[in-house]
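Undergrad: Here you go, one structure.
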Amino acid sequence: MLTVKVICVGKLKEREYAELCSEYLKRLSRFCRAEVVQLEEQRLPERPSAAQIAEALRRESDAVRAAIPRGACTVALCVEGKGMTSEAFAAKLEAVAQTTDKLCFLVGGSHGLDENLKREAALRLSFSQMTFPHHLFRVMLLEQIYRAFSINSGSQYHK
């Protein structure tokens, strides 16, 4: 059975979003072992310099790497990534499941992901060129993962 790990920089504080994430994790349990790992976002001053941001991203990437299981296929979520339809995303998940039993989605904090971490990922994925709040995006990602499994199982969820 595929293990899906969503590794997020930053804590989810809003109860409503946490409840939605829990609901999708519960739904996903029919298809895979799914979990969300929340990592500490580095604190920065109000107006950080480029060097301060780069150092924070480097530290966050070290924590992200430590959370990735050995042999996992990694997907970095970033605006410059490849866009996909829900059907194409479902096909990609199906293909990944044929090659590994571990899949990790990497979600950066407010300044994104370190460039080196994005380069190391098997896939860079973009949901849109728009910017979304991290707490909302986490729900959107879990919903799309659930939708992908639903598509692959022939469920009526995806219309």
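Undergrad: For Glu19, state whether it is assigned to a strand (DSSP E or B), exposed (fewer than 13 other Cβ atoms within 10 Å of the Cβ) and either touching a Cys at 6+ places or on another chain (Cβ under 8 Å) or among the acidic types (Asp, Glu) (or both). Can you show your working first?
TA: On the way: assigned to a strand (DSSP E or B): no; exposed (fewer than 13 other Cβ atoms within 10 Å of the Cβ): yes; either touching a Cys at 6+ places or on another chain (Cβ under 8 Å) or among the acidic types (Asp, Glu) (or both): yes.
It is false that Glu19 is assigned to a strand (DSSP E or B), exposed (fewer than 13 other Cβ atoms within 10 Å of the Cβ) and either touching a Cys at 6+ places or on another chain (Cβ under 8 Å) or among the acidic types (Asp, Glu) (or both).
Undergrad: Looking at the stretch 73-159, what strands (runs of 3 or more DSSP E) fall wholly within it and have at least 1 residues that are more than 20 Å from Thr3 (Cα to Cα)? It would help to see each step written out before you state the result.
TA: Values: elements: 73-83, 102-107, 123-126.
Correct list: 73-83, 123-126.
Undergrad: Can you pull out the residues in the stretch 73-91 that are modelled with pLDDT of 95 or more and within 20 Å of Val36 (Cα to Cα)?
TA: Cys73, Thr74, Val75, Ala76, Leu77, Phe89, Ala90
Undergrad: Would you mention how many residues in the stretch 22-63 are among the small types (Gly, Ala, Ser) and crowded, with 19+ Cβ neighbours inside 10 Å?
TA: First, the residues of the stretch 22-63 that are among the small types (Gly, Ala, Ser): 22, 29, 34, 49-51, 54, 56, 61, 63.
Imposing the further condition that a residue be crowded, with 19+ Cβ neighbours inside 10 Å reduces the set to 34, 56, 61.
Summing the residues that are among the small types (Gly, Ala, Ser) and crowded, with 19+ Cβ neighbours inside 10 Å in the stretch 22-63 gives 3.
Undergrad: May I ask you to list pairs of residues, at least six apart or on different chains, whose Cβ atoms are under 7 Å apart, with the first in the stretch 56-80 being closer than 14 Å to Val107 by Cα and the second being crowded, with 21+ Cβ neighbours inside 10 Å and of a type in the set (Phe, Trp, Tyr)?
TA: Taking only residues 6 or more apart or on different chains, the pairs are Val75/Phe105; Leu77/Phe105.
Undergrad: Of all the residues that make up the stretch 4-29, how many are free of Cβ contacts under 8 Å to residues at least 12 places away in the same chain and over 16 Å from the mean Cα position of the chain (by Cα)? Working first, answer last.
TA: In the first step, residues of the stretch 4-29 are kept if they are free of Cβ contacts under 8 Å to residues at least 12 places away in the same chain; the result is 15-16, 18-19, 22-23, 26, 29.
Filter once more, so that each one left must be over 16 Å from the mean Cα position of the chain (by Cα): 15-16, 19, 23, 26, 29.
Of the residues in that region, 6 qualify.
The values are calculated or read from the model by the stated rules, or taken from the named source; none is laboratory data. What you see is a predicted model; the values in this text were computed from it and never measured. Positions of Cβ are backbone-derived with ideal geometry, glycine not excepted, and every protein chain shown enters the neighbour counts.
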